[in-house]
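> Questions regarding the structure given below will be posed in turn.
The values are calculated or read from the model by the stated rules, or taken from the named source; none is laboratory data. Note that the structure is a prediction, hence the values are computed from the model and not measured. Backbone-built Cβ (ideal geometry, glycine too); neighbour counts: all protein chains shown. Ligands, DNA and RNA are excluded from the accessible area calculation, which covers all protein heavy atoms including side chains. Shrake-Rupley method; radii C 1.70, N 1.55, O 1.52, S 1.80 Å.
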Amino acid sequence: MSDTPVVRIDGERLLASLRALGQVGALDGGGVCRLAFSDADRLGREWTVARMRELGLRVQVDAIGNVVALYEGRESLPPVMIGSHIDTVRTGGLYDGNYGVLAGLEVVAALREAGLRTRRPLAVAFFSNEEGARFQPDMMGSLVYVGGLPLQQALATRGIDGSTVGDELDRIGWRGDAPVGAPQVDSYVELHIEQGPVLDRLGVQIGVVEGVQGISWSEYTVTGVSNHAGTTPMAMRHDAGLVAARATVFARELATRLGGAQLATVGALALTPNLVNVIPNRAVFTVDLRHTDAATLAQAEREFEAFVQAAAEAEGARCERRSLARFDPVHFDPRVVDRIEQEARALALSHRRMPSGAGHDAQMLARVCPAGMIFVPSVGGLSHNVREHTEPADLVQGAQLLLQVVRRLADRP
Ligand code: HGY
Ligand code: MN
Ligand code: MN
């Protein structure tokens, strides 16, 4: 690519688009809430697709609402895809997912202004329900896209508020007619904030992501006996809340004991009847276990399950588990990882290879094409938090690196 003109992204335009999209579903006091298939998600989709159309891209929407916008290449070959997501958790920041999609649009805008078309077409995509906060599993749209989850099963999924994906998709009017999984993709690059503390602590500008750790989400329903908090002797209780509380403590102890990359989180907990003077007869809680090593993750799952079942039995309570998501660790294609490292070096950006703690659509696309990710630092390692922040300079140079990488991949012989 040395003989082709240098194309620079317009940093101010990128930052302005992030601020503008951040106004859609904005929370008082900062941050964004655009839960998958909610009205706010609909508005975010409309805003983003309008931006795609302004760029002259050919936009298609598939049967689960994944959106792919095409920038024709010089030859009609499978496109190089730049993707991520624009749905957020309830306490989302401006950058998780949105940054990768808008940087992809900025890459296209810059190439278009330079009058350049890459050999292969470029596709800029956002996938439905990456977060999985309202409807599990996470990365649902990209998992369907790559054939990892049957469309009908995804559409029938019931979320935390009792609605189904299919009903909500129809309610917001985003069930498209494009065949799921089209177009076939040459390669995939995702630019994303790290969401962890590594780059920020080390003062490194770019993360060259080698893969994504394994993810295991389960929902536990513990059934005990509700009773009067003032008259029931401690030895006669069947307290579902106690089992959930012990499970939460055990999660931390388990991760501490396994050490290394092991992570464990009890993130959601609901007690019934949830009243000050009633022993809870029902506790529904989730556990999120993650590890870069598949065997250790499986061990953590076994130990957590054994503990919860034993704690329920000791309390004379029943316990059922439902799997919400289960993905083995993923390793990205060295051809893409090496390319990202080379282009970071060419831009004289400090960089380091690292795994991803968070799940991403890239781990699904990796099932069907060479995929890779670029990270930029998250200040204080904060994410899934309204105070999520990345310095403008980091946002801009991450997008410039994305442009360099994508041009290399799209123009290679
Ligand atoms: O949970 C995750 O890792 C991602 O943010 N969905
Ligand atoms: Mn994300
Ligand atoms: Mn996220």
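> Among Ala268, Ala264, Ala311, Ala300, which is the only one that is open to solvent by less than 60 Å² (accessible area, probe 1.4 Å), over 23 Å from the mean Cα position of the chain (by Cα) and either touching a residue at least 60 places away in the same chain (Cβ under 8 Å) or closer than 25 Å to Ile160 by Cα (or both)? Don't jump to the end; show me each part of the working.
On the way: Ala268 fails: over 23 Å from the mean Cα position of the chain (by Cα); Ala264 fails: over 23 Å from the mean Cα position of the chain (by Cα); Ala300 fails: over 23 Å from the mean Cα position of the chain (by Cα).
On inspection, the qualifying residue turns out to be Ala311.
Conditions tested, residue by residue: (1) part of a strand (DSSP E or B); (2) hydroxyl-bearing (Ser, Thr, Tyr); (3) farther than 30 Å from Val189 by Cβ.
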position: Phe250; (1), (2), (3): no, no, yes
position: Leu271; (1), (2), (3): yes, no, yes
position: Ala283; (1), (2), (3): yes, no, yes
position: Phe307; (1), (2), (3): no, no, yes
position: Glu320; (1), (2), (3): yes, no, yes
position: Arg345; (1), (2), (3): no, no, no
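> Here are some conditions: (1) within 13 Å of ligand 1 (Cβ to nearest atom); (2) free of Cβ contacts under 8 Å to residues at least 60 places away in the same chain. Tyr71 meets all but one. Which one does it not meet?
(1)
> Show me the strands (runs of 3 or more DSSP E) entirely contained within region 29-96 in which 1 or more residues are within 16 Å of ligand 3 (Cβ to nearest atom).
Numbers: elements: 58-61, 67-71, 80-84.
By residue number, 80-84.
> Only one of Gln153, Gln213, Gln195, Gln205 is crowded, with 17+ Cβ neighbours inside 10 Å, polar (S, T, N, Q) and more than 19 Å from the chain's Cα centre (by Cα). Can you tell me which?
On the way: Gln153 fails: crowded, with 17+ Cβ neighbours inside 10 Å; Gln213 fails: more than 19 Å from the chain's Cα centre (by Cα); Gln195 fails: more than 19 Å from the chain's Cα centre (by Cα).
Selected residue: Gln205, the only one of Gln153, Gln213, Gln195, Gln205 that is crowded, with 17+ Cβ neighbours inside 10 Å, polar (S, T, N, Q) and more than 19 Å from the chain's Cα centre (by Cα).
> Let me ask something else about it. What number goes with the only condition from (1) of a type outside the set (Asp, Glu); (2) within 16 Å of ligand 1 (Cβ to nearest atom); (3) within 16 Å of the chain's Cα centre (by Cα) that Leu102 does not pass?
(2)
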